[in-house]
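Any read-out appearing in this document is the output of simple, stated calculations on the displayed coordinates, not a laboratory observation. Being a predicted model, the structure only gives us computed values, none of them experimental. Heads up, the Cβs are rebuilt from the backbone with ideal geometry, glycines too, and the neighbour counts pull from every protein chain shown.
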Amino acid sequence: MLISIYPWIKALHIMAVIAWMAGLFYLPRLFVYHAERASVGSELDQTFQIMEEKLLRVIMNPAMIVAWIAGLVMIGMGAFDWGSVWAWVKIICVILMTAAHGWMAARRKEFAAGTNTRTGRTYRMFNEVPTVLMLLIVIAVVVRPF
C-alpha cells in the first residue's frame with residue numbers, strides 16, 4: 001500500500017522544493033533592492049516589507065515544511081541510503097538550506113523593525129548560498145559522484 005503512494009510523495013516533495021527554492025532565490029534579491037532603494041518608513045519600505053513578509057509566510061514557510069515532511073516520509077519508506085556519502089551530502093545541505101531560510105527570516109524581521117544594517121552587497125553575496133547548496137544537492141542525488 002505505502003509503495004503505491006511513494007511516487008505521489010516524491011512528486012509532492014519535488015514541487016515543494018521548487019517553490020521553496022524560488023523563494024530562497026527571490027527573497028535576497030528583494031533585500032538587495034530594499035536595502036539600496038528604500039528609506040525606513042517610506043512608502044517603498046512598506047511595499048518591500050509586505051512583499052517580503054508574504055513571500056516568506058505564504059510561499060517559503062509552507063513549501064519548506066512540505067518539503068521536509070515529504071522528505072522525511074520518503075526516508076521512513078526506505079528511500080534513503082544512510083551508508084552512501086551522497087545521502088549525507090544531501091541531508092547536510094538541506095539542513096544548511098534550512099539555516100539559510102532562518103537567516104533570511106531574521107533579516108526580514110530587521111527590515112520590518114527598521115533596524116537593517118546590511119548592505120545590498122551583503123544580500124547579493126548571500127544570494128549565492130542557496131544556489132551552491134542546490135547544486136550540491138542535485139549533483140549528490142542525481143549523479144551520486146560520492
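Give me the pairs: first residue in the stretch 86-111 and free of Cβ contacts under 8 Å to residues at least 40 places away in the same chain, second residue buried (at least 18 other Cβ atoms within 10 Å of the Cβ) and assigned to a helix (DSSP H, G or I), beta-carbon distance under 7 Å, and six or more apart or on different chains, which are they?
Correct list of pairs: Leu96/Leu133; Thr98/Met64.
For the stretch 45-54, indicate whether the set of residues that are of a type in the set (A, V, I, L, M, F, W, C), within 27 Å of Tyr6 (Cα to Cα) and crowded, with 17+ Cβ neighbours inside 10 Å is non-empty. Reasoning before the result, please.
If we filter the stretch 45-54 for residues that are of a type in the set (A, V, I, L, M, F, W, C), which is where we start, we get 48, 50-51.
Those still in the list that are within 27 Å of Tyr6 (Cα to Cα) too: none.
Checked against the condition, which is being of a type in the set (A, V, I, L, M, F, W, C), within 27 Å of Tyr6 (Cα to Cα) and crowded, with 17+ Cβ neighbours inside 10 Å, the stretch 45-54 yields no hits at all.
Output the number of the condition that Trp82 fails; it satisfies all remaining conditions of (1) free of Cβ contacts under 8 Å to residues at least 12 places away in the same chain; (2) in a helix (DSSP H, G or I); (3) under 24 Å from Val142 (Cα atoms).
(2)
Among the numbered conditions (1) buried (at least 16 other Cβ atoms within 10 Å of the Cβ); (2) under 12 Å from Leu27 (Cα atoms); (3) over 14 Å from the mean Cα position of the chain (by Cα), tell me where Met74 comes up short.
Looking at each condition in turn, Met74 falls short on (2).
Given the conditions (1) buried (at least 17 other Cβ atoms within 10 Å of the Cβ); (2) assigned to a loop (DSSP other than H, G, I, E, B), and given that Pro145 satisfies all but one, which numbered condition is not satisfied?
Checking Pro145 against (1) buried (at least 17 other Cβ atoms within 10 Å of the Cβ); (2) assigned to a loop (DSSP other than H, G, I, E, B), the one that fails is (1).
Of all residues in the stretch 113-132, which are surrounded by 16 or more Cβ atoms within 10 Å (Cβ to Cβ) and not in a loop (DSSP other than H, G, I, E, B)? If you could, list the steps in order and put the result at the bottom.
In the first step, residues of the stretch 113-132 are kept if they are surrounded by 16 or more Cβ atoms within 10 Å (Cβ to Cβ); the result is 116, 120, 122-123, 126-127, 129-130.
Across the stretch 113-132, the qualifying residues are Gly120, Thr122, Tyr123, Phe126, Val129, Pro130.
Inside the stretch 56-70, can you point out the residues that are of a type outside the set (Val, Ile, Thr) and either out of contact with any Lys or Arg (no Cβ under 9 Å at 6 or more places or on another chain) or not in a helix (DSSP H, G or I) (or both)?
Taking the stretch 56-70 and keeping what is of a type outside the set (Val, Ile, Thr), we get 56-57, 60-64, 67-68, 70.
Residues satisfying the conditions are Arg57, Met60, Asn61, Pro62, Ala63, Met64, Ala67, Trp68.
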